[in-house]
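Asks: I have a structure I would like to understand better, so I am pasting it below and will then ask my questions one at a time.
The values are calculated or read from the model by the stated rules, or taken from the named source; none is laboratory data. Note that the structure is predicted; figures quoted are calculated from it, not measured. For neighbour counting, all protein chains shown are included, and Cβ atoms are generated from backbone atoms with ideal geometry for every residue, glycine included. Side chains are part of the model used for accessible areas, which takes the heavy atoms of the whole protein and leaves out ligands, DNA and RNA. Shrake-Rupley method; radii C 1.70, N 1.55, O 1.52, S 1.80 Å.
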Amino acid sequence: MINPLESIIAFVNPQAALQREAARQRLNLLGAKSAYDAGGKGRRWFTGAGTNQNGELRRSLVAMRNVSRELQRNNPYAQSALQVVVSSTVGGGIKPVAICKNKNKKKLADELMSEWSNSMDCDFDGRLNLYGLQALAMQTESLSGETILVRRTVNNPKLRIPLKIQLLEGDYLDHQKDGVVGGNKTVIQGVQITNGIRDGYWLHDSHPSEQTSLRTESRFVSADQVAHVYELIRPGQVRGVPR
């Protein structure tokens, strides 16, 4: 809409009015080019830092994890979204199948796997079968950003497969273990990296917030015994972000 002043100018001097309008359009165009919100120039001004993902998580992971869990406890929409992620990813469970040219060995392997995965013997806590562990692992990763599975070999002659899986929350990773240890060895929020390769994890024996815990220090567990599950968002990222 043309304001009264522009109407008067257009009536007295149409050429001048056209020049003013052309100048105004050029200014608007220049303003649009420098108004990207992500660049901090727009109406919804964003501020950002140039830190890497590990630096951001070093400051924010615990707070984000706590808020995410609070939403799951008290917001039915958040709980519903979490269930959708789990059911869409895991469904009724991902079934392992042996790959072997020898038919007899394949049959035996599938038999042993079926027996192990369908029983609660595979769970270190003795609560879930393999498919329940898969669902809980996905839920934990979505809710808390990451989940940790530790391979536990047990000495029990009754078990045909003496293997159990211990499922842990990311809280068990000792995030206070952080910095250069020496030489080419670095620990980033509980994850130990040597010569650019992660070779182990510093894990608490019990949840750090457990009031009955008598031991708070962490111990080193070799990476070949641990599966650290999280979504990789940026290169070099060591810990996971709650979805």
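Asks: Over region 123-243, with the other protein chains present, what is the accessible area per residue in square angstrom, probe 1.4 angstrom? Walk me through the intermediate numbers first.
Replies: Numbers: 6570 Å² over 121 residues.
Value for region 123-243: 54 Å² per residue.
Asks: Roughly how many Å is it from the Cα centre of region 73-123 to that of region 215-243, as a whole number?
Replies: A separation of 22 Å, based on Cα centres.
Asks: If I compute solvent accessible area with a 1.4 Å probe over the protein chains, what percent of it on region 56-191 is carbon and sulfur? Walk me through the intermediate numbers first.
Replies: On the way: 4520 of 8220 Å².
Accessible surface attributable to carbon and sulfur in region 56-191 totals 55 percent.
Asks: Quick one: Debye curve from the C-alpha atoms of region 88-213, no solvent, what's log10 I(q)/I(0) at q = 0.16, 0.17, 0.21 Å⁻¹?
Replies: Summing over Cα pairs of region 88-213 leads to -0.96, -1.02, -1.20.
Asks: Roughly how big is region 125-216's charge dipole about its Cα centre, with Cβ charges of +1 (Lys, Arg) and -1 (Asp, Glu), in debye to the nearest 20? Before the final figure, lay out each step's value.
Replies: Working: 10 positive and 10 negative charges, 113 e Å.
So the dipole magnitude of region 125-216 works out to roughly 540 debye.
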